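Written out below as structure tokens is the structure these notes cover.
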Amino acid sequence: MGCCSGRCTLAFICGMQLISILERQIFDFLGYQWAPILTNFVHIITVILGLFGTVQFRPRYVTGYAVWLVLWVTWNIFIICFYLEVGDLSKQDSDLIMTFNMSMHRSWWMENGPGCRVTPVTPPPSWAPEDHRYISIAGCLLEYQYVEVAHSSLQILLALVGFIYACYVVKLISEEEDSFDFIGGFDSYGYQGPQKTSHLQLQPMYMSK
């Protein structure tokens, strides 16, 4: 029952991770944030493998999932520090870091956050690229960087819980395999073929002279 409970809980956590990361992936696509898009894609694949390993008793898949969660937490901590401009990090570098310097797009929440009013600036500054519009954003109830921080914080929380349960499930599966082997589940030498019954066994015959 404990093994089933741990596996079911981990499967539920994986499901929550998939739902939350798919939602995040949609908004990253809308903002053309290529670095998060690629990282989210790797996370989706790894969570699916972890879910498969949990259901199919594959400890290696679950272990790989747990290792990835450590990297995932590190990435989301970086995202939080980036948007809060911790240390030398600056949102002015978002083109280079988030879009690989292939576009000038920002977080989708910058213009579409709750209460945000977007006003085009005319005429645009002389330094503004011709294929981009210059806008003014005001009235946001929640700044876009805090929305991104909330997304990353949720991912960190789910990853920490998933890591704990992944380690627990790997331990349970290993113990179950060891106990099954101990009782002879994998002992091929313990097998004995069916014995002949007494009436089928050859009996010696004596000839009388």
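Throughout, read-outs are computed from the coordinates displayed, never taken from laboratory work. All values derive from a computational prediction rather than experimental measurement. Note that each Cβ is placed from the backbone with ideal geometry, even for glycine, and that neighbours are counted across all protein chains shown.
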Quiz item: With labels modelled as points extended 7 Å from the Cα through the Cβ direction, what inter-label distance (nm, one decimal) is found for E143 paired with C167?
Solution: 3.6 nm
Quiz item: How large is ³J(HN,Hα), in whole Hz, for each residue of the range 164-171 in order, when computed from phi with the Karplus curve 6.51 cos²θ - 1.76 cosθ + 1.60 and θ = phi - 60°, using x for Gly and Pro?
Solution: 4, 6, 5, 4, 5, 5, 4, 4
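Using 1/(1 + (r/R0)^6) with R0 = 25 angstrom and r between the beta carbons of S20 and C81, what's the FRET efficiency to the nearest 0.05? Could the numbers behind the result be given before it?
Working: r = 20 Å, r/R0 = 0.81.
Efficiency computed from Cβ-Cβ geometry: 0.75.
Kirkwood Rh and Cα-based Rg: tell me the resulting Rg over Rh for the range 1-87, rounded to two decimals. Present the calculation step by step, with values, prior to reporting the outcome.
Working: Rg = 14.6 Å, Rh = 14.0 Å.
Ratio of gyration radius to Kirkwood radius: 1.05.
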